[in-house]
Every structure is written in C-alpha cells, then in structure tokens.
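The next block holds one structure in the form of structure tokens; read it before the comments.
The values are calculated or read from the model by the stated rules, or taken from the named source; none is laboratory data. Owing to the predicted nature of the structure, the values given are computational and were not obtained by experimental measurement. Note: ideal-geometry Cβ built from the backbone for every residue, glycine included; neighbour counts use all protein chains shown. These area figures cover heavy atoms from the full protein model, side chains too; ligands, DNA and RNA do not enter into them. Shrake-Rupley method; radii C 1.70, N 1.55, O 1.52, S 1.80 Å.
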Amino acid sequence: MDDSLPTELHRLRHRPGADYTPPVLSLFVVHASGDAAEYEQRLRSALAPAVRLRGTADFEQGSLPVDDVPDWFGAISSGDEQRAPQFARTGRDGYVEHTRGGRPWELQDWLYRFDPDEDSRGWEWWDATPAGPSRVHIWVDSRGESFFGCQELLWAAYTAGADRVDGPTLQQSTVWSAER
C-alpha cells in the first residue's frame with residue numbers, strides 16, 4: 001500500500017496539523033452555491049471513497065466498487081439526471097464550461113484516476129478551509145508543481161456545488177496555516 005494513503009485519508013477526515021506541511025501548497029478558490037460547510041462536507045464525501053480505493057481495490061478489474069460513493073455523486077457521474085440534486089447538475093454544467101466543453105466524467109473513469117499506479121493524478125488532498133459564507137479554499141499538495149493533472153478534482157469540486165473554481169495557484173504553506 002502507498003505510504004501516503006493513510007495520511008491522505010486522515011486529512012480528508014480531519015484538518016491536518018502544521019507538522020510535516022510541504023513548503024508550498026496549491027490553492028483552488030471555490031465559490032459555492034450555498035453554505036460553505038455543507039459544500040465542504042459533500043466534497044470530502046465524494047473524495048474519501050476514491051482515495052480509500054487506492055489501498056483496497058484491484059485496479060486490474062473491469063469495475064471498481066461504488067458502494068461508498070455518495071448517491072448524489074454516483075448519479076451525476078453516471079448521467080442519471082433525475083436522481084442528481086440541483087447543486088450537482090449545476091456543477092456539472094459549470095465543469096463543462098470551465099473545461100471549455102470537456103465531457104462530464106463517468107464514475108468508473110473518475111475512480112480509476114485514483115489508481116496508485118496511475119501517474120495522471122498530480123495532487124494529494126491537503127485540506128479545505130472556509131473563506132466566507134459561500135467560499136471555500138481547497139488545498140492540495142501538488143509537490144510544488146504549478147501545472148498538474150487535476151481534472152478529477154475539478155469534477156468533484158464542481159459537482160459538490162461550486163458555481164466557480166479559480167486556480168490552482170501555488171501558495172506558501174504559511175498562507176494555509178494562517179487560515180486554520
């Protein structure tokens with residue numbers, strides 16, 4: 001199992017301490033539709049099962065388990081418009097606009113981006129901090145890179161209820177720790 005998996009899972013459940021913080025983190029500024037705390041909870045609930053699969057799933061199989069994926073995320077990521085809540089449908093449209101016509105992610109394709117042998121995911125979850133009543137800062141460890149693969153993160157960020165996502169921008173980790 002990847003040594004960083006337990007640490008990333010812990011950061012998804014709990015705010016990390018300032019110990020062992022990388023010198024720089026990548027920041028995404030999310031303008032959420034609705035309450036920042038509810039948005040943050042939805043985002044974490046979508047990402048946690050995918051990160052957990054990194055340590056438990058056989059990515060050689062044709063299909064990954066989806067039992068722990070929230071219903072709303074499974075619905076929007078399978079094109080089931082009727083079951084997807086409005087925030088997720090609006091987020092899907094925002095993602096398509098943000099990516100200039102990029103197609104919505106299929107759930108299995110999205111989950112396979114968390115394969116520990118896949119190099120396309122250029123980030124690990126660090127934290128999310130409220131930055132206002134409907135604004136959230138998403139912090140990820142991009143290993144100091146300013147340009148990295150993050151489309152799967154943008155998909156989750158938008159479908160969790162983002163109206164707009166700006167970034168990423170590299171920030172000194174002291175900026176993150178000042179928000180705690």
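A few comments on the model shown:
- Any chance ASP166 is under 28 Å from GLY74 (Cα atoms) and in a strand (DSSP E or B): yes
- Candidate set from the stretch 37-53 (those that are among the small types (Gly, Ala, Ser) and surrounded by fewer than 21 Cβ atoms within 10 Å (Cβ to Cβ)); member that is farthest from PRO65 (Cα to Cα): ALA37
- Any chance GLN108 is part of a helix (DSSP H, G or I) and polar (S, T, N, Q): yes
- Each residue in the stretch 70-91 was checked for being outside any loop (DSSP other than H, G, I, E, B) and open to solvent by 40 Å² or more (accessible area, probe 1.4 Å), and 5 pass.
- None of GLU152, GLU124, GLU106, GLU118 is at pLDDT 95 or above, more than 12 Å from the chain's Cα centre (by Cα) and among the charged types (D, E, K, R) except GLU106.
- Scope the stretch 9-21; condition open to solvent by 20 Å² or more (accessible area, probe 1.4 Å), assigned to a loop (DSSP other than H, G, I, E, B) and either under 13 Å from TRP125 (Cα atoms) or among the hydroxyl-bearing types (Ser, Thr, Tyr) (or both); matching residues: HIS14, ARG15, TYR20, THR21
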